[in-house]
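Let me begin by presenting the structure, written as structure tokens, before commenting on it.
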Number of protein chains: 2
Amino acid sequence: MKIGVIGTGNVGGTLGKRLADLGNQVFFGFRNPNTPAAQTLMDAGGPSAVATTPKGAAEAGDVVILATPWDATQAAIESAGGLAGKIVVDTTNPLLPGLTGLSIGTNTSAGEQVAEWARGARVVKAFNTVGYGIMADPAFPQGKPSMFYCGDDAQAKGIVAGLVAGLGFDPLDAGPLTQCRVLEAFAMLWISLAVKYGYTPDFAFQMIRRNAQ
Amino acid sequence: MKIGVIGTGNVGGTLGKRLADLGNQVFFGFRNPNTPAAQTLMDAGGPSAVATTPKGAAEAGDVVILATPWDATQAAIESAGGLAGKIVVDTTNPLLPGLTGLSIGTNTSAGEQVAEWARGARVVKAFNTVGYGIMADPAFPQGKPSMFYCGDDAQAKGIVAGLVAGLGFDPLDAGPLTQCRVLEAFAMLWISLAVKYGYTPDFAFQMIRRNAQ
């Protein structure tokens, strides 16, 4: 397959190199092909890698991988000529500076609203990311499902983590209460898959780790 | 531990019953304790279960589990007396009717914006939910990491799913392009854990299933 890569940093570079290794012809769309980073990537890509411009990558690719920093994405699409008719693999995330959240699409959460309504309470988000069937019986052959929780009070989080562990989950601290924004969306992923998009509710997610963390 | 449950449906009922089984004293806050459902739950909870009002559950619990439908949450907190000083486990999700998304906190996504900018392109969201280190080498002792993708064009999604599988991930269809809202937040979960909240980037998520799906 012919694959164009727009955005040749860590993500675009890694995907392009691996797809070239698998035998695809990969067109790297460099804004400047004469940088050391571009040369390193071309060397790594081997004979299946082609150096071109973003517009060249967009034209050549049956599939175009978009791997730009969010703030550069609109300009990159324009410089590629628009991408009409292309299959575009969008790998972008609209990250806020400091990784405090997403710059578009989210601005609050149920958990934060609950904390405002329940003034003075120490609110911990938990037990929102799987269905009650999993909470009734979290035993999987593959091991314990992960259960994230978040909140702003360390003591309250410790107590809730104990409840989570006691119920048979692997409790994982996801950070402050603003993380409700991601945990509620994570819940939406579970719910939408279980109910709408062809999976049944008898699944969960497990954080898998390696290299002895 | 003394645990109050506000919202005694599937989630609150399941958690309350299991926490009672584990030896906690569980105060179920029924709006009406005389319904068949309330009686069934009290029978299931055994001698560690106490039937009371939402206000009674809030007062008695060292920890209060809030498991109301989102639209009933504010009123439930008010009827419980406010919850100040309590450890509150918020299990709510602000689901839209038809499970099309969340009613607060999200309203668009980078992927939808990309599709608008790249007019006429067939945009598939993928490769946004783990770091490039995992994309460089997705081999885990526990098996293949999950890689979600979403989009509105079935053929384009099939092609991208092939790329995802070829790179060593378990490709999972998360639905239409609006699911970018949840996949980008899911990415934010990975990123924030990897970079800010005490995990290192050498992890991924795996969908675990049971009962032969």
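Where in segment B:177-195 does the amide nitrogen come within less than 14 Å of the point 7 Å from the Cα of A:Asn107, taken along Cα to Cβ? Output list for this probe position: empty.
On a C-alpha basis, how far is the centre of segment B:182-211 from the centre of segment B:140-178 in Å? Whole number, if you could? For segment B:182-211 versus segment B:140-178, the Cα centre distance is 16 Å. About its Cα centre, the dipole of chain A is roughly 200 debye, where the only charges are +1 on Lys and Arg Cβ and -1 on Asp and Glu Cβ. Go ahead and run the numbers for FRET between B:Ala154 and A:Arg31, Cβ-Cβ distance against an R0 of 30 Å, rounding to 0.05. Efficiency, rounded to the nearest 0.05: 0.35. Distances between placed amide hydrogens fall under 5 Å for B:Val50 paired with B:Val26, B:Phe27, B:Phe28, all partners being 5 or more residues away or on another chain. Here's the picture: charge each Lys and Arg Cβ at +1 and each Asp and Glu Cβ at -1 in chain A, and of A:Pro36, A:Gly56, A:Pro69 the one pushed furthest to the positive end of that dipole is A:Pro36. With 5 Å bins beginning at zero, the pair-distance distribution over Cα atoms of segment A:104-161 amounts to 4, 16, 20, 21, 17, 13, 7, 2, 0 %. Here A:Asp137 yields copy-to-copy label distances, from shortest upward, of 3.9 nm, the label point defined as 7 Å from Cα along Cα to C-beta. The helix-based estimate of mean residue ellipticity at 222 nm for chain B, built from -39,500 (n - 2.57) per DSSP H run of four or more residues and divided by its residue count, is -10500 deg cm²/dmol to the nearest 500. Within the straight-line cut-off of under 26 Å between alpha carbons, the lysines reachable from B:Lys55 are A:Lys125, A:Lys157, B:Lys2, B:Lys17, B:Lys86, sequence neighbours fewer than 8 places apart in one chain being disregarded.
Candidate cross-link partners of B:Lys144 among the aspartates and glutamates, defined by an alpha-carbon separation under 12 Å and a same-chain spacing of 8 or more, comprise B:Asp170. Using C-alpha pairs under 8 Å with a sequence gap of at least 6, the mean separation divided by the residue count of chain B gives a relative contact order of 15 percent. Placing +1 on each Lys and Arg Cβ and -1 on each Asp and Glu Cβ, with no other charges, gives the protein assembly as shown a dipole about its Cα centre of roughly 300 debye.
For A:Ile208, the amide hydrogen comes within under 5 Å of the amide hydrogens of B:Ala204, B:Phe205, B:Gln206, counting only partners 5 or more places away or on other chains and with H modelled in the peptide plane. Which of the aspartates and glutamates could a cross-linker bridge to B:Lys196, judged by Cα under 14 Å and excluding same-chain residues fewer than eight apart? List returned: A:Asp173. The eigenvalues of the Cα gyration tensor, multiplied by 5 and square-rooted, give chain A an equivalent ellipsoid with semi-axes of 41, 20, 17 Å from largest to smallest. Taking Cβ atoms as reference points and 9 Å as the exclusive limit, the residues near B:Ala49 contribute a net charge of 0, counting Lys and Arg as +1 and Asp and Glu as -1. Along its principal axes, the protein assembly as shown has C-alpha extents of 72, 37, 36 angstrom, given from the largest down. Sorted from shortest to longest, the distances between the A:Gly82 label points of this copy and the other copies are 6.0 nm, with each point 7 Å from Cα along the line through the beta carbon. Over all distinct Cα-Cα pairs of segment B:136-208, the Kirkwood formula returns a hydrodynamic radius of 13.2 Å. Applied to segment A:165-171, the Karplus parametrisation 6.51 cos²θ - 1.76 cosθ + 1.60 on θ = phi - 60° returns per-residue 3J(HN,Hα) values of 5, x, 8, x, 9, 8, x Hz, with x for Gly and Pro.
The convex hull drawn around the Cα atoms of segment A:1-123, when projected onto a plane and averaged over every direction, covers 9.9 nm².
Given R0 = 30 Å, the distance between the Cβ atoms of A:Asp71 and B:Val195 translates into a calculated FRET efficiency of 0.95.
Only the coordinates and a few stated rules stand behind these numbers; no lab work does. Keep in mind that this is a model prediction, so the values were computed, not measured. With ideal geometry, Cβ positions are generated from the backbone for all residues, glycine too; neighbour counts draw on all protein chains shown.
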